[in-house]
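The structure under discussion is supplied below as structure tokens; questions concerning it will follow.
The values are calculated or read from the model by the stated rules, or taken from the named source; none is laboratory data. Not measured: the values here are computed from a predicted model. Virtual Cβ from ideal backbone geometry, glycine too; neighbours counted across all protein chains shown. Protein only, heavy atoms only, side chains kept; ligands, DNA and RNA dropped before computing areas. Shrake-Rupley method; radii C 1.70, N 1.55, O 1.52, S 1.80 Å.
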Amino acid sequence: MATVIVAGGATGIGRAAVEGFRARGDDVLLVDHRAEAAEVAAQDAPGRCIFLHRDLSDPAAPREAVEATIAAFGALDTVLVTAAVMNSAPLADWTDAMWNDSLALNLKMPFFFAQAAAPWLAKSDNASILFTSSTAALRGNAGMPAYHATKAGLAGLARSLTAELAPLGIRINCILPGWIDTPFNNSFWDYQDDPAAKRAEIDGKIPLRRHGEPEEVSGMILFLTSPAGRYVAGTSLVIDGGYTAV
Ligand SMILES: NC(=O)c1ccc[n+]([C@@H]2O[C@H](COP(=O)([O-])OP(=O)(O)OC[C@H]3O[C@@H](n4cnc5c(N)ncnc54)[C@H](O)[C@@H]3O)[C@@H](O)[C@H]2O)c1
């Protein structure tokens, strides 16, 4: 049984992870800016769950989440960060403010979680921080420079934190999902003239010939954060149905 923070879990991969953690008896603090996350926290499950309603692009939010976790459960073993923003615009329209939004949520927020959580994680006998990067860290799409740059940046952040925190027994890893069926890609589909044709084109390039489900990512999250994953540190794991392999 572990105590877990999930940063972003009203929907998608974070929600599947909350459900998986609680099913195995872990206690979870779920922090999200969407009020609907309260419904996820209210589900019946062996592990307890409390919901903290916060905008995670506020640099104070990670520390508040850690403090609320310690106040409620008295310990911390795992931090899973999933919340992110994907802005898209033509090159000429990109502004300093758009860059700052992406940097605040996608890159600085995971760092501030590690900073706030480290003293508590150091007391755990299976401490782990998991950042949700993306196969966008490995390949590029036009119009999304900040998304690709911040997702690639998480790998460097995980390596630097590993050098500092692995000697204290804290493992930091990244997962890189490919195309997963969640609301995250809604703006991408809305942007397409023919979303069904675009989806068929994308699925045709995935060796498994389909999108993944959030539960197919949370399976890896549950493994990496469990004692079975306790020698995996400082690395990035791709979960993409073979998309970046071919
Ligand atoms: N879905 C995909 O195809 C895909 C592919 C690769 C990587 N990812 C990554 O997976 C992660 C999770 O995405 P998902 O697909 O589960 O999407 P999602 O939209 O279902 O989940 C994101 C969660 O983060 C929360 N969130 C977003 N901004 C927030 C903020 N400022 N403050 C607090 N909470 C906030 C949302 O409310 C939501 O609950 C993201 O980091 C994304 O980059 C997704």
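Give all pairs with beta carbons closer than 9 Å in which a residue from region 67-91 that is more than 23 Å from Ala16 (Cα to Cα) and of a type in the set (A, V, I, L, M) meets a residue that is at pLDDT below 95 and assigned to a loop (DSSP other than H, G, I, E, B); count only pairs at least 6 apart in sequence or on separate chains.
Pairs that qualify, where the first residue is more than 23 Å from Ala16 (Cα to Cα) and of a type in the set (A, V, I, L, M) and the partner is at pLDDT below 95 and assigned to a loop (DSSP other than H, G, I, E, B), are Ala89/Gly143; Ala89/Met144; Leu91/Ala142; Leu91/Gly143.
Based on this model, can you work out whether Thr135 counts as within 30 Å of Ala228 (Cα to Cα), surrounded by fewer than 24 Cβ atoms within 10 Å (Cβ to Cβ) and hydroxyl-bearing (Ser, Thr, Tyr)?
On the way: within 30 Å of Ala228 (Cα to Cα): yes; surrounded by fewer than 24 Cβ atoms within 10 Å (Cβ to Cβ): yes; hydroxyl-bearing (Ser, Thr, Tyr): yes.
The answer is yes for Thr135.
What do you reckon, is Arg48 touching a residue at least 40 places away in the same chain (Cβ under 8 Å), over 10 Å from Val6 (Cβ atoms) and among the charged types (D, E, K, R)?
Judged against the criteria, Arg48 is not a match.
Right, something else. Can you tell which of Leu176, Leu222 is touching a helix residue (DSSP H, G or I) at 6+ places or on another chain (Cβ under 6 Å) and part of a strand (DSSP E or B)?
On inspection, the qualifying residue turns out to be Leu176.
Filter region 183-204 down to residues that are assigned to a loop (DSSP other than H, G, I, E, B) and open to solvent by 70 Å² or more (accessible area, probe 1.4 Å), then give me how many there are.
3
Which ones in region 137-156 are among the aliphatic types (A, V, I, L, M) and either out of contact with any Phe, Trp or Tyr (no Cβ under 6 Å at 6 or more places or on another chain) or more than 15 Å from Leu237 (Cα to Cα) (or both)?
Ala137, Leu138, Ala142, Met144, Ala146, Ala149, Ala152, Ala155
Starting from residues that are in a loop (DSSP other than H, G, I, E, B) and not basic (Lys, Arg), keep the ones in region 103-132 and report whichever is most open to solvent (accessible area, probe 1.4 Å).
Asp125
I've got another one for you. Against the condition assigned to a loop (DSSP other than H, G, I, E, B) and open to solvent by 20 Å² or more (accessible area, probe 1.4 Å), how does Gly153 come out, does it pass?
no
Enumerate the helices (runs of 4 or more DSSP H) found wholly within region 5-102, keeping only those where 3 or more residues are more than 15 Å from the chain's Cα centre (by Cα) and over 17 Å from Phe113 (Cβ atoms). Talk me through it step by step, then tell me what you get.
On the way: elements: 12-23, 37-41, 61-73, 96-102.
Once the helices (runs of 4 or more DSSP H) in region 5-102 are filtered for at least 3 residues that are more than 15 Å from the chain's Cα centre (by Cα) and over 17 Å from Phe113 (Cβ atoms), what remains is 37-41, 96-102.
Across region 36-58, what is the number of residues that are open to solvent by 60 Å² or more (accessible area, probe 1.4 Å) and within 10 Å of the ligand (Cβ to nearest atom)?
Summing the residues that are open to solvent by 60 Å² or more (accessible area, probe 1.4 Å) and within 10 Å of the ligand (Cβ to nearest atom) in region 36-58 gives 5.
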